[in-house]
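Every read-out reported here was derived from the displayed coordinates using simple, explicitly stated rules and does not represent laboratory data. Not measured: the values here are computed from a predicted model. Here the Cβ positions follow ideal geometry from the backbone for every residue, glycine too, while neighbour counts run over all protein chains shown.
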Amino acid sequence: MDCGFLRAPHARGIDSVPYETDELMAVLPEGHPLSRLDAVPLEAFSDEPFLALEHGADTEVAELFEKADALPDVALTTWDDYAIMAMVEKGLGLAVLPSLILQRVPYRLAFRPLAPRAYRDLVFATKAGGQPSLAVRRFRELLL
């Protein structure tokens, strides 16, 4: 890996620089009753099918529900956020996704903040030790 974007905290052996804070959002079918709320309580996800985005066993959304002592009614897990959005649009369930992925989506969806609001911190990462390539250094300068 020359460089990448990771959720903080991250694995050892990586140098990182804080990059952005990304809000986690409730993803609902357009016109869903919860879309009338200013923010969706985490407990609401226990009353309807929940579509979980999983990139391994330890995700920020699972941690969020665990800390709030709330249990979503998980109907399906997948690693594909676009598949989740398509299924939410068809009314197959609700989801929680990072706001960065929700920009310029072609689906008819409603997005609402969570209650309590939740965020993830992203970092720009390079291999620890050694000097990044000139291209990576220039890219980092443009980003930060």
(Q) When only alpha-carbon atoms are used, what values of Rg and Dmax, in angstrom, describe the chain? (A) 17.1, 53
Q: Obtain the nm distance between the two label points defined at Y82 and R108 by a simple spin-label model: each point lies 7 Å from its Cα along the Cα-to-C-beta direction.
A: 2.1 nm
Q: Could you work out how far apart the two model spin labels at D47 and I101 are, taking each label as a point 7 Å from the Cα in the direction of the beta carbon, and quote it in nm?
A: 2.5 nm
Q. Stokes-Einstein at 4 °C, 1.567 mPa s, Kirkwood radius from Cα pairs: D for region 1-67 in µm² s⁻¹?
A. 87 µm²/s
Q: Determine, at each q value in 0.13, 0.14, 0.19, 0.20 (inverse angstroms), the log₁₀ of I(q)/I(0) that the Debye formula gives when each Cα of region 31-110 is one equal point scatterer.
A: -0.38, -0.44, -0.85, -0.95
Q) In degrees from 0 to 90, rounded to the nearest 10, what is the angle of the helix 134-143 Cα long axis to the longest principal axis of the chain? A) 40 degrees
Q: Note down the relative contact order for region 1-117 as a percent, whole number, built from C-alpha pairs under 8 angstrom at least six residues apart.
A: 43 percent
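Can you give the calculated 222 nm mean residue ellipticity of the chain, where each DSSP H run of n ≥ 4 adds -39,500 (n - 2.57) and the sum is split over every residue, rounded to the nearest 500 deg cm²/dmol?
Values: 3 runs with 27 residues, N = 144.
The helix-only estimate for the chain comes to -5500 deg cm²/dmol at 222 nm.
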Q.
Please compute the length gained on full extension between A75 and L142, using 0.36 nm multiplied by the number of residues separating them and subtracting their Cα-Cα distance.
A. 20.0 nm
Q: At 0.36 nm per residue, minus the direct Cα-Cα distance, what do S133 and R7 gain on full extension? Give it in nm, one decimal, please.
A: 43.1 nm
